[in-house]
Structure formats: structure tokens, C-alpha cells
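K.L.:
Take a look at this one; I'll ask things after.
Any read-out appearing in this document is the output of simple, stated calculations on the displayed coordinates, not a laboratory observation. Since the model is a prediction, treat every value here as computed from it, not as a measurement. Using ideal geometry, Cβ is built from the backbone for each residue, glycine included, and neighbour counts are taken over all protein chains shown.
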Amino acid sequence: MFTKILIANRGEIACRVIATAQKMGIQTVAVYSEADKEARHVQLADEAVLIGPAASRESYLVADKIIAAAKATGAQAIHPGYGFLSENAEFSKRCEDEGIAFIGPRHFSIAAMGDKIESKKLAGAAGVNCIPGVNDAIETAEKAVEIAKGIGYPVMIKASAGGGGKGLRVAFNDKEAFEGFTSCRNEARNSFGDDRVFIEKFVEEPRHIEIQVLGDSHGNVVYLNERECSIQRRHQKVIEEAPSPFISEATRKAMGEQAVQLAKAVKYQSAGTVEFVVGKDQSFYFLEMNTRLQVEHPVTEAITGLDLVEMMIRVAAGEKLPIEQKDVQCNGWAIECRINAEDPFRNFLPSTGRLVRFQTPTQTMFQGNTADLFGVRVDTGVQDGGEIPMFYDSMIAKLIVHGKDRHEAIAKMREALNGFVIRGISSNIPFQAALLAHPRFVSGDFNTGFIAEQYSKGFRAEDVPHDDHDFLAALAAFVRRKSRQRAANISGQLPGYDVKVGQDYTVVELGQAGQNRYVQVHVDEFVGRSGVAQITIDGQTYSIESNSRLNDIRIEGTVNGKNFTAQIERGTLKNPLALQVQHNGTRIEALVMSPRMAELHQLMPYKAPPDLSRFVLSPMPGLLVDVAVAVGQKVQAGERVAVIEAMKMENVLFAAQDGVVKKVVAAKGESLTVDQMIVEFE
């Protein structure tokens, strides 16, 4: 067994590998860029080596620097994590040539499965179901249209070297096929240096279901059941679960056996994933094989009780798999939510900056520990006060829960999301909460088009309706009453000017454009019982008990005998005196005042924000990679104005209305802040 390994990655996956290595008594070496010098994975590892500037192409993607770091520290093996060099066949072979074990598949397996066109041919030869289509590279857009018509619309246009949603388009007619081919080819050339594109039939109402496989160097391969990954946004997974609520035991067995056939055909060693698209009739077709550890591997670890990172390390060290197919379990139900640094209310724009507060839900499951299950686990590479840089992926954590069944797992996840505190940047937690509460998700009635169908106009606050909205007002009143009670107990107050606690309040929910909601509240506190109050709103009574302190953001307690977790803090963008209350994805900003003050508040005029329609402002921090307009140029609504790069994604800004460019304020190559002016129109 190895005594020291190097992790050629960053963030949560680097921390994940370190956890298992420490459990196995293996020393770890972290590598880091200049942007990651204070990162969590650097602090957790036994040693750390600086490998270059912030940009991944100058650090994490430079094989020579990784190899040099391994040699300098005496690391006997390299775990690539996922992304970066994890599916780079040349890097795998380079490790072998240098006498360093690659904790992943052999280079020839990566090469065989890394090319989407060739992998489909191999899959077909191995007896794996494949989607009808043309697997040879297509040369022109005209030829793409001809082939698409022959297959029959809709079709999927995919870059051979694509991944992560890049280099993929769905076309429903000739025009979309022509334009989609051109876009795919350009995107693939820029992202992967490989512009080969192919076309296949698009399966309608598809589910994205994948099979986890494990292979060793002795010819043994097993499958570890399936993961349901159909909840996706723009081809990026959002929620994953195991098992799938859709497929039958017969389908599971057939998919698993085909995945094993393919793995054996390419002499696969290590952990890998065979991805399938599954139709509404449970027909399934091979999509691709990911020759690495998957982001969503924790849900498989929960239901099988296996540490996949440990399995990878042992296989790389030459050991046989410790299990056979008959030993594989499917115990309970696990769900994973990807917590991303993005603003769901602003079209999921990336959010970067400092984590002013990062407080995870209470964990009862941990990385590398498969003994303690049926709880909550958080995989993350960040910490309180850390920086979220613009150079890397937007995912900052994975929240995993394990329940005895799907219903319990959903309930656990909703409560865990309530307790996940992230401040300083925006996160997609409200969106995750909305998805988990959606009736179609709860029933298991969804496919890969679910998010696009249900949130076709984007995600808005009204998409997270609370099942008892007055509970939020009751919480605001509870906290305000507690604060008044503490103030009233301060000694030395002048007679006649002392703080009166009171029992009647008005909760003013601050709405858009001054459309506020006024809620009358009566509060009775149980004498002699601290942190207990009975709150009445319009005849509905909320008996709330909580021992959380006033300065705690996360509030835990019971309401009418049922446990709850919510988040409450003072001061909002709209009003520094307001309370922000958040529960089950719904958030309100509220002032709690006396009824007389509320009457006067209603008389206050609404001050509209300034008109900024003449300006194009940066919606996020990022790098301005292109300005597509010049002074004096006439621009039509919908025309491209600028391109901003943040978190490995290009974001195109378009003109909101017709106009003439008066001034170009920001220059190409400039680092922008939120709301920084780029272009001004006359």
C-alpha cells in the first residue's frame, strides 16, 4: 500500500480524497495555485506545493508541474479527483512512465472512452444498447442538416470531446440543426481543442441514469446500482439520488450488466460511471463512460456502504476488489444537492467573493466513513472567511442525506437546506428548496427537461411558495419580542423612558415597489419559561420554543410541537432595521413595530430606484473578455454587447433596447465588479 499520495485537484474533491487517505494512514500532498494558497485542501494535507498562477491552464492543468511536485515530495501515487487532468489519457500514461501510480483507470481505458464517437462504436461491439445516429465526425452544417433529417427530429448535436454541458445542442428543425452544428463546433474548438461533432436521436422525456462500476487489475468488475441524475439545468446536474425512483429491478439489472460488459471490454480498472439515457418506456441507450470518480459518488457510498475513494486507492495498489456482485447492497435512499455560488434570482449568474459566514448543517455522516449512515453529510472545500475565486467551478459544497426511504430523504434534505448558512455570496439553496418541494419531484415524475419546463421564465421568489407563510411573520415577531425583552431588563433605564415589551405588534413584510404586507400579531410569553412564546396571527396560534441566541443566524426549535430550522438576521439591503427570515427556501424582509408606528409607516412615500436602462452593467464579478460595440454604433435590442467570463463560463450580455452607443467605459481584459458600468447609451 502507498505511504504518500498527491491529489492533483482542488476544492471539495481534494478534501474528500484527503479524508480517506488519512483514514488509511496515508500521507497526502496538496497542490495549489496562487489563488488557492489559503484554501481548505491546502490546510488539510500533510504537505502542499505551489504549482502556478490562478488560471487552471497555468497550474492545475499543467502535467509537468504535477509530476514534478509528486517527485519532489516522494508521492508514490496521484489521485486526479474529477475535472482537470482526471480523464487525460496522456497524463495517466505519463504517470505510469514516471513510475507513479495513477489512482484511476489505465491510459488505454481513458483513451477508449474519452472519444464519444469511438466509445459508441466500442459500446456497440460490446453488446451495449446505443442510440440511433451517425457516430462519424460531420464536416459541414449542410451535411448535419441532411443527417438530422434522415434520423428524424429531434436530434442531439454533440462535440466528440464535450462534457459538462459544453458542446451540446438539441435541434427540432433544419434551422436549429444548422445553427446548432456551427455553435457546437466553435464551442468545442475553443473549449477542448477538438471540433469534431456528431449527431444522434434525441430521446423524448428522457431520464439521465448512470451506473457506477468498479474494476480491478485482476479482471473483476461489479456494478454498484444506479444514480438518478435527471434534475439538470442546462445539462448540468443539480440534484442526484440513489436509487432511481423510476426504473424497475429488471431494468436496473440489464443496465448494470451492460455497464460491466463495457468495462470489461476496455479492461477497466478503478471507479467509473457508465451513463445512459432512459426513455419513458424504460428503453435505455449508452451515452458515455466517465473514466473517473463522479461528483455524485457520495449517494452510492451511502446506499452501498462502500468508500469509493478507498476502493480506487486499493485497486491502484494492485489489490483485488473485496466484493462480488452478490455482495452489493442497496440500503435506504440517498440524495445529493449541489450547492453552487450563483444567484438563482438573477438567472443563476456566478457569485464570487468572500464567505462572510459559512455554517453547514450538523453532520452525522462523514467523508471516508461508511459506518455512520442515515444522516447528513457535507463535502466542501471552503470554510468560514474563505474566498470564492472567479477562476474555477461554481460548486462550493455538496449536501448529502441518507434516509430509510425517499420520503424521509427528501424531508431530511429540506431541513438540512434550512440550516445551511451562506453569507457574503449568493447560493442556489432557495432553488434547491423549491425543487425538493415541487409535487412532480416528490412524486418522482420528472425527466431531464423538468427544470426547463417548470422554470421556463427563470426562477423567481414566487416559485418558492411557503405552505404556511404566516409562520415567517410569527418567527419575526418571536425574535423581535425576545430582543425587546432583553432590552427591557437592562438596568439603569430612566423612569418613563424605559423599554416596553408589549404584546401587540405589526409585522411589515417589505415588498417590491413599496407593495408591503401588514400583519397584525399578538404575542403571549409563558412566564418563567425562557425562549417560549405563543403567537397569534388572524386566529392561527404558533407556540414557538427556541433556545437559540439572538445573534445566531440559524434558529432551531419547535413550533406547535414540531421541529423547525430557520435563518433570521438583522439588517437587509432594503432596510438596516429589518429582519430577514428564511425557511424552506422562502425569504421575507420584515420590520416588526408597534401598531401605531405601522400606521405611520404606511404613509411613507415610495422612492423608486433610478432608471439605469441607458447603461449596460456587469451583473457579476468577472473578466471582460470582449466588447462587441463601439462609440456611435447603432445597436438593436437583443444584440450582443459584451462577454464576461466567470467560473469557467462565458456570459453574454445583450442590449435590452434599441440605442446608440455613447461611451464604452470598460476595456477588454478588465476585471469587473458587480454593477460596474461597461457601456452607456445615448
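K.L.:
With θ set to phi - 60°, apply the Karplus curve 6.51 cos²θ - 1.76 cosθ + 1.60 along segment 363-371 and write out the HN-Hα couplings as whole Hz, x wherever there is a Gly or Pro.
P.N.:
In residue order, the calculated couplings are 8, 10, 10, 9, 4, x, 10, 9, 8 Hz.
K.L.:
Report the gain in length on full extension from Lys404 to Asp524: 0.36 nm times residue separation, minus Cα-Cα distance, nm rounded to one decimal.
P.N.:
This chain segment gains 39.3 nm when fully extended.
K.L.:
Going highest first, how would you order 398-404, 411-417 by mean Cβ packing within 10 Å?
P.N.:
Put in order of decreasing packing, that is 398-404, 411-417.
K.L.:
Now, a different point. Give the relative contact order (percent, whole number) for segment 615-681; include only Cα pairs under 8 Å separated by 6+ residues.
P.N.:
Once divided by the residue count of segment 615-681, the mean separation gives 44 percent.
K.L.:
Helix 174-192 versus the longest principal axis of the chain: what is the Cα-based angle in degrees, 0 to 90, to the nearest 10?
P.N.:
It is inclined by approximately 80 degrees.
K.L.:
Where does each of 77-89, 485-497 land if you order them by average Cβ count within 10 Å, highest first?
P.N.:
77-89, 485-497
K.L.:
Something else: Skipping prolines and chain starts, which residues have an amide H placed within reach, meaning under 5 Å, of the one on Ala578, given they are 5 or more residues away or on another chain?
P.N.:
Placed amide hydrogens put Gly571, Thr572 under 5 Å from Ala578.
K.L.:
Working out 0.36 nm times the residue gap between Gln540 and Ala628, then minus their Cα-Cα distance, what length gain in nm do you get to one decimal?
P.N.:
26.0 nm
K.L.:
Tell me the net charge near Leu85. Cut-off is 13 Å between Cβ atoms, Leu85 excluded, with +1 for each Lys or Arg and -1 for each Asp or Glu.
P.N.:
+3
K.L.:
If you don't mind, there's one more thing I want to ask. Could you calculate the FRET efficiency of Arg57 with Asn186 from 1/(1 + (r/R0)^6), where r is the beta carbon distance between them and R0 is 25 Å, rounded to 0.05?
P.N.:
Calculated value: 0.85.
K.L.:
Continuing with this model, one more query. For Glu257 and Glu146, calculate 0.36 nm times their separation in residues minus their Cα-Cα distance, and state this gained length in nm to one decimal.
P.N.:
Result: 36.4 nm gained on full extension.
K.L.:
Follow-up. Could you tally the net charge around Asp524, taking each other residue with its Cβ under 15 Å from the Cβ of Asp524, Lys/Arg +1 and Asp/Glu -1?
P.N.:
+2
K.L.:
Something else now. Helix 141-151 versus the longest principal axis of the chain: what angle, 0 to 90°, nearest 10, using Cα atoms?
P.N.:
Tilt of helix 141-151: around 90 degrees.
K.L.:
Within 10 Å, count the other beta carbons around each residue, average over each peptide in 132-139, 25-32, 280-287, and list them highest first.
P.N.:
25-32, 280-287, 132-139
K.L.:
A further question follows. Return one number: the angle in degrees, 0 to 90 and rounded to the nearest 10, between the long axis of the Cα atoms of helix 11-23 and the longest principal axis of the Cα atoms of the chain.
P.N.:
For helix 11-23, the angle is close to 70 degrees.
K.L.:
Once you list every other residue whose beta carbon is under 10 Å from the beta carbon of Phe478, what net charge do they have if Lys and Arg are +1 and Asp and Glu are -1?
P.N.:
Combined, the nearby Lys, Arg, Asp and Glu give +1.
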